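Following: one structure in structure tokens, then a few remarks.
All of the numbers you see were taken from the coordinates with simple rules; none came from a lab. Just so we're clear, the structure is a prediction, and the values are computed from it rather than from any experiment. All Cβ positions, glycine included, derive from the backbone under ideal geometry; neighbour counts span all protein chains shown.
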Amino acid sequence: MFRPETAAPLNALVQTLLHNPHPTLSAGERELIATYVSRLNTCKYCCNIHGAIAQHQLGNNAEIVKQVLANPETAPISSKMKALLKIAAKVQSGGKNVATDDIAFARAEGATDIEIHDTVLIAAAFCMYNRYVDGLATWQPDNEELYDKMGEQRAREGYLTPPFKVSH
Amino acid sequence: MPHITLPPNVPGIRSLFIFRPETGGPLCDLAQTLLYNPHPTLSAGERETIAAYVSNLNTCKYCTNSHAAIARHQLGEDAGIVKQVLANPETAPISSKLKALLNIAAKVQSGGKNVTENDVAFAREEGATDIEIHDTVLIAAAFCMYNRYVDGLATWQPDDGELYDKMGELRAREGYHNSSSTQLIT
């Protein structure tokens, strides 16, 4: 906890975007968007941790996460989710890259205003979290079991509880 | 036209805060903490200048104009530096430390991994502290979010210098939690 003043709104934002109840998108779907954007930004820590949380939110299904990261188009997810992930990728490359056609396509697959809004904001927020974590060269362990444990904890408790202690 | 149905006559991020107050709360708190609340060493004007500079690199018209206006009001008689920083930080009449921090901010904008040990060592030589380096990275990262949010939903971004100046004056005086800037427009 180097800077608790900024940690508080950063944790409140991720809790609201990814963990709190949502009218239509499951926590697992929202975590998939966060994981996918973190992968596009090549942020190892965020991609591994949100991938693990997504897996636990999706009934411990690692296969969906793996396939979304490999190629959302061929992953076993809804057409609406594919359209939202496409918008997320556009946001990652730059806000102005989201085209009217991308939005129309998502709407045709059933996406609502709130789903489009939250997808854009999750993608934008992970362009922040990823840069924050990489820009200060934080410690990003290579330990799948550790990410799995952290993922299980966050899927269950959300983002506002203290982390368990990691010995290293 | 915005990509989703937003309240009319409210510009930029404020229209999104009204659309989704659940996320507007923490987003507003983050801006208040990073840019407005007292800081051990960086002035509000310096922090707003970093925000305006990164928003300009991301070509986000609304955020660049708003934060440049807030920076000018925070900087008082040094208001002229904002335009020069946006044009070229290297030749702007600012401290070497602020130049080194703006260099780090530009690296963060292009991607977190682009911040090198040399960039950080150079900032330290110019007197930058850990908190200053931390906050510069986080301000730059946060504006990579705010800019994408505002542009990604195609919010209304007016072309009216006087309007940005009025908003800048209000935010410099009252911070980010007062929402009355919307009344300047409606």
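Whether a residue is outside any helix (DSSP H, G or I) and either in contact (Cβ under 8 Å) with a residue 12 or more places away in the chain or facing chain A (nearest Cβ under 8 Å) (or both) was assessed, and B:ALA154 passes this test. State whether the residues of the range B:139-156 include one that is out of contact with any helix residue (DSSP H, G or I) (no Cβ under 6 Å at 6 or more places or on another chain), more than 14 Å from B:ARG47 (Cα to Cα) and among the aliphatic types (A, V, I, L, M). Yes: one or more hits.
Quick one: which residue in B:ARG124, B:ARG47 is in a helix (DSSP H, G or I), within 25 Å of A:MET1 (Cα to Cα) and more than 13 Å from chain A (Cβ to nearest Cβ)?
B:ARG124
Residue-level check: of (1) within 17 Å of the chain's Cα centre (by Cα); (2) more than 14 Å from chain A (Cβ to nearest Cβ), B:VAL108 misses just (2).
Of the residues B:ARG47, B:ARG124, which single one is among the basic types (Lys, Arg) and closer than 21 Å to B:VAL150 by Cα? Even if it seems obvious, please write down each step before you answer.
Values: B:ARG124 fails: closer than 21 Å to B:VAL150 by Cα.
After ruling out the rest, the residue left standing is B:ARG47.
So, of the residues in the range A:27-65 that are assigned to a loop (DSSP other than H, G, I, E, B) and within 14 Å of the chain's Cα centre (by Cα), which turns out to be surrounded by the fewest Cβ atoms within 10 Å (Cβ to Cβ)? Among those residues, the one meeting the criterion is A:THR42. Among the residues here, A:SER79 does not qualify as touching a Leu at 6+ places or on another chain (Cβ under 9 Å) and small (Gly, Ala, Ser).
Evaluation of B:GLN157 against the conditions (1) within 26 Å of B:LYS99 (Cα to Cα); (2) under 17 Å from the mean Cα position of the chain (by Cα) shows that the sole unmet condition is (1).
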